[in-house]
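The values are calculated or read from the model by the stated rules, or taken from the named source; none is laboratory data. Fair warning: this is a prediction, and the values are worked out from it, not measured in the lab. When we count neighbours, we look across all protein chains shown, and the Cβ atoms used for this are built from the backbone with ideal geometry, even at glycine.
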Amino acid sequence: MPRVRWPGWPSKFSRCRRRCCSKGWLVDAKEAKCNAAGEGRFLRSCSALDLERAEEHLTEALRMRKSVNDGALLVSVASTLHELGVLLFQKGDLEQAEEHLKEALRMMKSVHGDADHVEVAIALHELGWLLKQKGDLQQAEAHLKEALRMRKSVYAGADHVNVAVTLQELGWLLKQKGDLEQAEEHLKEALRMMKSVYGGADHDNVAATLHALGMLLQKKGDLQQAEEHLKEALRMMMSFPAGADHMSVESTLHELCMLLQKKKGEEPLKEELRMKKSVYGGADHASVASTLHELGVLLFQKGDLEQAEAHLTEALRMKKSVYGGAGLDTVYALGMLLKQKGDLEQAEEHLKEALRMMKSVYGGADHELVADALHALGMLLNQKGDLNQAEEHLKEALRIKKSVYGGADLANVAVTLYELGIVLKQKGDLQQAEEHLKEALRMEKSVFAGADHANVAVTLHQLGRLRKQKGDLNQAEEHLKEALRMKKSVYGGCDHVEVACILHQLGRLLDQKGNLNQAEEHLKEALRMKKSVYGGCDHVSVAVTLLDLGVVLRSSGKLEQAQELLIEALRMKASVMRTRRSILDHEHHERLVAALIELGAVLLLRQRWTAAWMAVMVFPFCMVGASFATLLHFAVQLLPG
């Protein structure tokens with residue numbers, strides 16, 4: 001009987017589990033009297049987990065079969081190749097395993113022709129799983145999808161455990177690729193089918209699928225459903241007559257504990273911290289530091305940055321005291337927190353230290369955690385304006401990710417491609433920026449199977465802005481319209497600041513193309529949406545849209561409406577400045593000057609000479625910060641309505 005593989009375990013547990021599973025399969029095979037030459041000895045050796053002897057016997061069986069059949073393409077030869085490939089996989093020799101499984105698949109396809117066949121489907125499934133373990137997710141997905149199609153054909157669409165097993169494996173692969181929606185769909189169908197096959201009875205395969213679905217739902221943030229699935233998986237495992245697989249129980253218990261901790265929030269952790277401090281008499285201890293770290297991370301996730309920083313800083317101090325050195329996980333978490341707080345100098349210091357420690361831990365080898373740290377540091381350096389260093393770090397992060405994941409299309413790789421594209425765009429290297437953004441877009445579409453997704457829409461938006469910057473207004477319009485359609489789909493037609501932002505950009509582009517009516521329509525909708533999102537409060541983003549809409553109305557000859565909007569834009573800018581009591585940055589300063597110029601032009605066209613003169617006279621005060629806000633506030637009051 002096929003067994004579902006348990007997700008989420010360290011590789012040593014997975015290998016042990018696979019060997020135990022193989023033992024079960026081989027016992028089943030013996031009972032079925034599969035006693036071809038050489039195979040009996042192979043089965044006995046492998047049942048005892050003597051993989052070396054098993055390999056010897058299978059290799060000899062393969063040699064004999066090839067000799068007897070004079071190289072003819074026979075099912076028995078293909079079957080032995082397949083078994084040898086599976087065995088080599090269990091031993092960890094992935095290259096040789098892949099070679100044997102591919103040859104077995106080629107031979108089976110040759111024997112059975114174009115017809116769908118159960119043995120071909122098995123070979124496709126096993127090869128897909130091996131490619132997944134190697135990190136070649138694209139090829140793994142292709143093989144598993146073909147195995148699924150073939151198994152559905154072989155079993156005429158009926159519920160069958162083999163179909164369910166492939167659904168489960170494919171669902172877990174899609175989760176690894178970052179396509180959580182498709183992953184959930186496959187795992188739910190696998191669970192439904194497993195329950196149908198076993199008549200609703202408790203079974204190890206059902207429990208494994210419940211566990212996988214629970215972990216996926218936890219990643220999606222649906223903690224209630226995740227808890228229900230994990231609890232049901234745990235109940236089922238504990239009900240098995242011969243007692244539960246201890247590793248399965250341990251894994252599910254761990255996931256359930258982590259989930260309940262997230263659901264209950266900080267209070268249980270605070271109580272745990274209080275008790276540990278009491279037990280250890282307030283002395284520094286590794287266990288206390290661990291709880292401080294967990295509480296700090298939880299508070300960080302909840303947005304309580306001050307308390308999170310206090311707990312993580314104390315955890316770091318204690319780890320240094322206990323271990324004589326910093327804890328890598330705490331240094332990294334503190335760096336990310338300080339970045340979010342805007343303390344970029346301290347954040348950079350911590351992230352660089354975390355990166356140095358990671359490189360030391362992994363001996364300079366490529367590793368996904370090193371790539372993640374490089375990515376985070378690259379984004380921080382971009383935020384600081386150090387574009388050269390940002391580019392260097394993001395390029396290295398991208399190189400490592402491609403090395404680690406074997407060039408597979410993954411959301412984690414696409415995000416680095418995107419961020420690198422943004423940095424290159426800021427540096428003015430529009431050609432390289434476009435190449436990276438296009439590759440990010442291609443990869444995201446692959447990961448999300450062409451479905452509408454927020455990440456795809458964001459990349460389309462940036463590509464549209466880049467094409468506009470390059471002067472290709474038609475391509476820019478095409479990308480922005482697709483981004484707008486997708487954002488509306490993602491947010492279900494609700495008002496959202498990201499939708500409003502694209503509407504605004506599209507309005508400006510249409511103005512640049514001379515399509516004033518469409519430009520006005522898009523900017524008015526952007527303005528309405530921004531006012532809705534910000535609850536009618538003064539906001540710099542609303543003021544910018546007021547300004548651009550005023551410009552379009554002036555170009556359309558609607559001078560009175562243009563004047564009204566431009567004055568409102570200036571009033572809002574002044575209000576925001578007085579509230580923040582800060583000097584405008586360069587971009588906002590330029591936009592404010594533009595608003596004054598536009599207002600002056602409108603007033604001149606309407607022959608409001610005094611008011612136009614007043615708007616022009618405000619220019620010299622544009623760099624004096626809060627005092628300018630006050631002057632602008634009084635000037636706006638004097639302007640005609």
* Count of residues meeting criterion [more than 30 Å from Ala140 (Cα to Cα) and among the polar types (S, T, N, Q)] in the range 384-431 -> 4
* To do: Please verify whether the range 236-246 includes one or more residues that are at pLDDT 85 or above and either part of a helix (DSSP H, G or I) or more than 32 Å from the chain's Cα centre (by Cα) (or both).
  => yes
* To do: Taking Ala308 as the residue in question, decide whether it is over 22 Å from the mean Cα position of the chain (by Cα) and small (Gly, Ala, Ser).
  => yes
* Asked: Do the conditions hold for Thr313, that is, is it surrounded by 18 or more Cβ atoms within 10 Å (Cβ to Cβ), in contact (Cβ under 8 Å) with a residue 12 or more places away in the chain, of a type in the set (Ser, Thr, Tyr) and closer than 25 Å to Asp284 by Cα?
  -> no
* Asked: Quick one: what pairs do we get from the range 559-588, first residue closer than 10 Å to Ala543 by Cα and of a type in the set (Asp, Glu), second at pLDDT 80 or above and part of a helix (DSSP H, G or I), C-beta under 6 Å, 6+ apart or different chains?
  -> Glu568/Leu546
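Taking only the range 206-226 into account, find how many residues are touching a residue at least 60 places away in the same chain (Cβ under 8 Å), of a type outside the set (Gly, Ala, Ser) and within 10 Å of Leu191 (Cβ to Cβ).
Applying the first criterion (touching a residue at least 60 places away in the same chain (Cβ under 8 Å)) to the range 206-226 yields 208-209, 211-212, 215.
Restricting the remaining residues to those that are of a type outside the set (Gly, Ala, Ser) gives 209, 211, 215.
If we keep only those that are within 10 Å of Leu191 (Cβ to Cβ) too, we end up with 209.
Final tally of qualifying residues: 1.
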* Give me the pairs: first residue in the range 509-535 and under 17 Å from Leu480 (Cβ atoms), second residue charged (D, E, K, R) and surrounded by fewer than 18 Cβ atoms within 10 Å (Cβ to Cβ), beta-carbon distance under 7 Å, and six or more apart or on different chains, which are they? -> Met529/Asp495
* To do: State yes or no: is Glu434 assigned to a helix (DSSP H, G or I), charged (D, E, K, R) and free of Cβ contacts under 8 Å to residues at least 40 places away in the same chain?
  => yes
* To do: Kindly check whether there is at least one residue in the range 426-445 that is in contact with a His (Cβ under 9 Å, 6 or more places away or on another chain) and either of a type in the set (S, T, N, Q) or at pLDDT below 95 (or both).
  => yes
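Counting only residues that are without any contact (Cβ under 8 Å) to a residue 40 or more places away in the chain, in a helix (DSSP H, G or I) and not aliphatic (A, V, I, L, M), how many does the range 341-371 have?
To start, the set of residues in the range 341-371 that are without any contact (Cβ under 8 Å) to a residue 40 or more places away in the chain comprises 341-343, 345-367, 369-370.
Imposing the further condition that a residue be in a helix (DSSP H, G or I) reduces the set to 341, 345-361, 369-370.
Retained after the next criterion (residues that are not aliphatic (A, V, I, L, M)): 341, 345-346, 348-350, 352-353, 356, 359-360.
Of the residues in the range 341-371, 11 are without any contact (Cβ under 8 Å) to a residue 40 or more places away in the chain, in a helix (DSSP H, G or I) and not aliphatic (A, V, I, L, M).
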* Is it the case that the range 410-420 has a residue that's out of contact with any strand residue (DSSP E or B) (no Cβ under 7 Å at 6 or more places or on another chain), over 30 Å from Gly492 (Cα atoms) and part of a loop (DSSP other than H, G, I, E, B)? -> no
* **Subset of the range 380-392 that is under 17 Å from Arg356 (Cα atoms) and touching a helix residue (DSSP H, G or I) at 6+ places or on another chain (Cβ under 7 Å) - its residue that is surrounded by the fewest Cβ atoms within 10 Å (Cβ to Cβ)** => Gln389
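Tell me, yes or no, whether the range 115-131 has at least one residue that is among the small types (Gly, Ala, Ser) and either surrounded by fewer than 22 Cβ atoms within 10 Å (Cβ to Cβ) or free of Cβ contacts under 8 Å to residues at least 40 places away in the same chain (or both).
Step one: list which residues in the range 115-131 are among the small types (Gly, Ala, Ser), which gives 115, 121, 123, 128.
Among the residues that remain, those that are also either surrounded by fewer than 22 Cβ atoms within 10 Å (Cβ to Cβ) or free of Cβ contacts under 8 Å to residues at least 40 places away in the same chain (or both) are: 115.
Within the range 115-131, one or more residues are among the small types (Gly, Ala, Ser) and either surrounded by fewer than 22 Cβ atoms within 10 Å (Cβ to Cβ) or free of Cβ contacts under 8 Å to residues at least 40 places away in the same chain (or both).
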